[in-house]
1. Restricting to segment 181-230, name every residue that is in contact (Cβ under 8 Å) with a residue 40 or more places away in the chain, open to solvent by 50 Å² or more (accessible area, probe 1.4 Å) and not in a helix (DSSP H, G or I).
2. If I filter segment 62-84 for residues that are at pLDDT below 85, buried (at least 20 other Cβ atoms within 10 Å of the Cβ), under 22 Å from THR215 (Cα atoms) and in contact with a Gly (Cβ under 8 Å, 6 or more places away or on another chain), do I get at least one hit?
3. Do you know which residues across segment 112-163 are closer than 19 Å to THR215 by Cα, in a helix (DSSP H, G or I), open to solvent by 30 Å² or more (accessible area, probe 1.4 Å) and modelled with pLDDT under 85?
4. Could you tell me whether VAL239 is over 30 Å from ALA51 (Cα atoms) and modelled with pLDDT under 90?
5. Taking segment 17-53 on its own, how many of its residues are modelled with pLDDT under 75 and in a helix (DSSP H, G or I)?
6. Just one of the numbered conditions (1) part of a helix (DSSP H, G or I); (2) touching a Lys or Arg at 6+ places or on another chain (Cβ under 7 Å) is not true of ALA56; which one?
7. Considering (1) free of Cβ contacts under 8 Å to residues at least 12 places away in the same chain; (2) closer than 23 Å to ALA29 by Cβ, say which one ILE59 fails and leave the rest.
8. From PRO164, PRO175, grab the single residue that is within 14 Å of the chain's Cα centre (by Cα) and of a type outside the set (A, V, I, L, M, F, W, C).
Amino acid sequence: MAEQPKSESFMSLVKKGNTSSAVAMAGNAVLALCKGGAFLFSGSGAMFASAMHSLADAINQGFVFVGSVLSEKKPTPRFPTGFGRVINIFCMIAVIVVTIMAYETIHEGIHLLQHPVGHTGGLWINIGVLVLNILIDGAILIKAMKEILKEARAPKASGFGLVPAAIKNVGRAAPPTRLVFYEDVVAVLGATLALISVVVIALTNFALLDGIVTTLIGCLMIAVAFRVGYDNMIGLIGVAAPQDIEDKVSQTILADTHVADIQMMRIIQEGRYYHVEGLIELTKGLSLADADDIKFRIQEKLMTNPDIADAAISIIEDDGVNSWGKKHADISAK
């Protein structure tokens, strides 16, 4: 491939960065400062846990946004397949940060279970900060769910229908968008639990609830770290595209009247992009020039899909065996 053009400036790459992670970074930085101040004033363990979570999210999203920018760099002679997997590396760094913060949160929760601290004042400050937390993280979560549908090329949804649609298509979203989604689900749940804890302790002085909620929030952070870590681990190894992507690519190829069969096709997902490699069988009797024209025409048609980074198609003459149909029949039988 040609070397990366000089016109690809730093700002042009920044504009391509994942917007969900940029918004989440700014929102969680503000929340971390507000919650930290409320914790210092009130001594609430649940508030401390929530502040640690927001701080972890802000640091994570900063890493992830940088990774999403770098992953948009075009292929070069040294890196011919591009930089799509860079985002997986940065998401793995984010997993380490979440794990450390989760450990600290669980450690504080266990301490509060052993040495409960009752209501120490600052009720309305805590309530105000946590309500602000729910509103900001809720808005970020809604944006992330809309980004999931956009990146997955799924039908738009609104209202309560947005939630199941996002859950259904989250696996097809870009790694940074998935990270924002998982983290903000936990952030909203954690803030809600912390709000309940603060109110209940103020009304009943059931101080043990503070430690329970703090530990639970830490465990939720561990769950996020495991989920995101697994997704990005297989992304670094190189994971096959979802079945519906393979179906769309095969339909595009087989739609050409001169294509008799697909003998082999491999689609690898890197970041939010796909790399297509295929060996297709053309109808008999074509000249070499005509066969080349058909190959280039199919490659150009595949490249009109904005999610496909490159397509390498090889051609042979039809061998009379329906390889692609046989493959799908075998998969269905399993």
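1. Matches in segment 181-230: ASN205 only.
2. Looking for residues that are at pLDDT below 85, buried (at least 20 other Cβ atoms within 10 Å of the Cβ), under 22 Å from THR215 (Cα atoms) and in contact with a Gly (Cβ under 8 Å, 6 or more places away or on another chain), one finds none in segment 62-84, hence no.
3. Within segment 112-163, none qualify.
4. yes
5. 7
6. (2)
7. Of the numbered conditions (1) free of Cβ contacts under 8 Å to residues at least 12 places away in the same chain; (2) closer than 23 Å to ALA29 by Cβ, the odd one out for ILE59 is (1).
8. Answer to the check: PRO175.
The values are calculated or read from the model by the stated rules, or taken from the named source; none is laboratory data. Source: prediction; values computed, not measured. Neighbour counts are summed over all protein chains in view; Cβ atoms, including those assigned to glycine, are modelled from backbone coordinates with ideal geometry. Only protein heavy atoms, including side chains, enter the accessible area calculation; ligands, DNA and RNA are left aside. Shrake-Rupley method; radii C 1.70, N 1.55, O 1.52, S 1.80 Å.
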